[in-house]
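Before any comments, here is the structure.
The values are calculated or read from the model by the stated rules, or taken from the named source; none is laboratory data. As the structure is a prediction and not an experimental result, all values here were calculated from the model. A quick note on method: Cβ atoms are made from the backbone with ideal geometry, for glycine too, and the neighbour counts reach across all protein chains shown.
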Amino acid sequence: MASPYNDIVLEHFKNPRNTGKIEDADGKATEGSPACGDMVSLYLKVDPETKIITDIKFESYGCASNIATGSIITELAKGKTIDEAKKITWKEASEALGGLPKIKTHCSVLAVEVLRSAIQNYEEKHGLVINKEDTTEEIVRARLKKVMNPIKGLDMVATHLVKEIVIKDGNVRIVLDLPENHQFANAIKEDAIEKIESLWDIDKVTVEFTD
Amino acid sequence: MEKVFYMDNAAATRLDEKVLEAMRPFYFESYSVATSEFGYSLGLEAREAMEDARGRLARYLGADMDEFIFTSGSAESSNLAVKGVAKALGSKKGRHIIVSKIEDFPVLYSARTLEKEGFKVDYLEVDEFGFVNIDNLEKLITAETILVSIQHGNQEIGTIQDIKRIGALCYKKGVLFHTDATHTFTRVPLDVREMNVDLISVSAHTIHGPKGIGGLYIRKKTPIAKLMDGGFQEFDLRAGMDNIPGAVGFAKAVELVTDEENTRLAAMRNKIIEEVFEKIPDVILNGDAVKRIPQNANITFHYVEGESITLHLDMYGIAVSTGSACFSRSLEASHVIAGIGGDHERAHGSIRFTLGRFNTMDEVTFVVENLAKIVENLRKISPLGKG
């Protein structure tokens, strides 16, 4: 029997384009989690004048289709303006690869989501958010759902790590049910701050630990 | 076909040509059914071959000839053992059974089916190496308990349970004990008298025998009900065409396994583990290092996902399996890795190597060398494990 993956998918899997990290990225995002066995991080460099994506890199923890869709999405987005890139659909990503096995469709959805999140991250950091709603506890919580708790392999909200969220005068205080000296404490803290501080009306994020 | 480095022998093995030779006459010469002793000559020959095979397999387990029945494989054997005992004793003695959490699917899903039918099932926890705790097992046994089913060696992580102690406990408590020995039969000693097991599932497909033949040891007087209706074959415990070539091939396959071979498999297994630990950082051995079936190594490679590893290995002709959800059709991660307390990442990054007669030490070296390159490359593009 032939492989469930076509030659284009296999080629991108074997030689993924634009892999790695951009240290001084203008926008970045991570979607998925090790628990799902699918995780993609995406980094953008955007021209401030033209809003064209000049450089894009991705990292993937996942199966062949995860790697291939990450690769194709960087190819599709590179050279496009952020508004054009936002409109790329998972169907386009899948079609550009010549199709994916049905059970792996979620991989192309994930690739599109991470691109959109990275663009959103760029827009927030650069004051380009049009719909400026006040940050609420729900918004903070929704964002923390994208932060992994490596101890459980699920996000930090689902695993009840978030004990308290206080929002006041542009400051967000998050209390985590975790000892400060825990091996993952710092990683979770940094990840959480990164997800929240880009919100347009937030100046400062502090993360505290119980005991 | 290009050279294949086949290390998925727990799933299926290449047939040994000597086995095929032993089977051949029963396809082309004595190809009839096994007739009764009053039947025609051809049928008598077939019958004699089948009974000879049965006798040899029974003796191998320390059992009598009338305590071993042929089935289509260990999946059927385990279905018959678990459901057959439940059917025989469910309305007489009780409706409680105990299985370990990391059983292979035939036992696990037979238990779930019984649960839907109103049986109470306890899924016994295992420790981080995959061992059941025998004191905990004792606490779960009640007057209602009719069967304990705990595997001999695990299909994924290779952990060997202390069957002798479990058997002694079940004997003391008057509870029937079934063990799935699919991955230990001929590889790890198993003797029904010494270990007090009432039912044992075995299969030919894991030991270079033919596919589609297995067996169930059933201790004399064990209450068990037939599941497959039709003829009266196999002491009226299983209707169906006698698989005479299969039975002959199964007995031959058992005969061909030697202690020397098992020692060689263990040496190759150890080499895989040693070389991986030497060449690749951030790995964990799944299962116990010592009480482990000789043909199995199971290792998690952190920060990478198993399907990506297996697909890259496949490009070198290397066949292994993984506990990753992405690899499976169901997208469910290994219940065995979860059972030993592993998180999803540990299951997703786990690779199982299972060795067989036709593997060599050189193949092990080739596999580990390529694996090291693949893991390194996948880690380069992984967002995990860089903090």
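Could we say that B:I218 is more than 14 Å from chain A (Cβ to nearest Cβ) and within 29 Å of B:E2 (Cβ to Cβ) here?
no
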Within the range B:55-62, is there a residue that is of a type outside the set (S, T, N, Q), under 18 Å from B:A239 (Cα atoms) and surrounded by 16 or more Cβ atoms within 10 Å (Cβ to Cβ)?
no
Just checking, how many residues over the range A:1-23 are assigned to a loop (DSSP other than H, G, I, E, B), more than 12 Å from chain B (Cβ to nearest Cβ) and farther than 20 Å from B:K380 by Cβ?
3
Assess whether B:F129 counts as being in contact (Cβ under 8 Å) with a residue 12 or more places away in the chain, in the same structural domain as B:A168 (by TED's automatic domain parsing), in contact with a Leu (Cβ under 7 Å, 6 or more places away or on another chain) and among the aromatic types (F, W, Y).
no
Quick one: count up the residues across the range A:166-180 that are surrounded by 14 or more Cβ atoms within 10 Å (Cβ to Cβ) and in a strand (DSSP E or B).
6
Can you find a residue in the range B:163-170 that is surrounded by 24 or more Cβ atoms within 10 Å (Cβ to Cβ), at negative phi and either of a type in the set (S, T, Y) or not assigned by TED's automatic domain parsing to the domain that holds B:R95 (or both)?
no
Restricting to the range B:213-236, name every residue that is surrounded by 17 or more Cβ atoms within 10 Å (Cβ to Cβ), outside any strand (DSSP E or B) and in contact with a helix residue (DSSP H, G or I) (Cβ under 7 Å, 6 or more places away or on another chain).
B:I213, B:R219, B:I224, B:K226
So, in the range B:142-170, how many residues would count as being under 16 Å from B:V85 (Cα atoms) and of a type outside the set (D, E)?
8
Mind listing whichever residues of the range A:24-50 are hydrophobic (A, V, I, L, M, F, W, C), at the interface with chain B (Cβ under 10 Å from one of its Cβ atoms) and buried (at least 23 other Cβ atoms within 10 Å of the Cβ)?
A:A35, A:M39, A:V40, A:L42
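Sort through B:A266, B:A297, B:A289, B:A239 and tell me the only one that's within 30 Å of B:M228 (Cα to Cα) and either surrounded by fewer than 22 Cβ atoms within 10 Å (Cβ to Cβ) or in the same structural domain as B:F353 (by TED's automatic domain parsing) (or both).
None of the other options fit; the residue is B:A239.
One line per residue, one yes/no per condition, for (1) within 14 Å of chain A (Cβ to nearest Cβ); (2) in contact with a helix residue (DSSP H, G or I) (Cβ under 7 Å, 6 or more places away or on another chain); (3) not aliphatic (A, V, I, L, M):
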| site | (1), (2), (3) |
| --- | --- |
| B:V290 | no, no, no |
| B:P294 | no, yes, yes |
| B:V304 | yes, yes, no |
| B:E307 | yes, yes, yes |
| B:M315 | yes, no, no |
| B:T322 | yes, yes, yes |
| B:G341 | yes, no, yes |
| B:F366 | no, no, yes |
Based on what the data block shows, is B:R352 more than 10 Å from every other protein chain (Cβ to nearest Cβ), surrounded by 22 or more Cβ atoms within 10 Å (Cβ to Cβ) and charged (D, E, K, R)?
yes
Report those helices (runs of 4 or more DSSP H) wholly inside the range A:45-151 carrying at least 3 residues which are over 30 Å from A:R173 (Cα atoms) and either in contact (Cβ under 8 Å) with a residue 24 or more places away in the chain or among the hydroxyl-bearing types (S, T, Y) (or both).
A:64-77, A:82-86, A:90-96, A:105-125
Within the bounds of the range B:320-333, is there any residue that is in contact with a Phe, Trp or Tyr (Cβ under 9 Å, 6 or more places away or on another chain), within 28 Å of B:G209 (Cα to Cα) and either among the aromatic types (F, W, Y) or surrounded by 17 or more Cβ atoms within 10 Å (Cβ to Cβ) (or both)?
yes
Please specify each residue of the range A:51-80 satisfying the condition of being facing chain B (nearest Cβ under 8 Å), of a type in the set (A, V, I, L, M) and in contact with a strand residue (DSSP E or B) (Cβ under 9 Å, 6 or more places away or on another chain).
A:I67
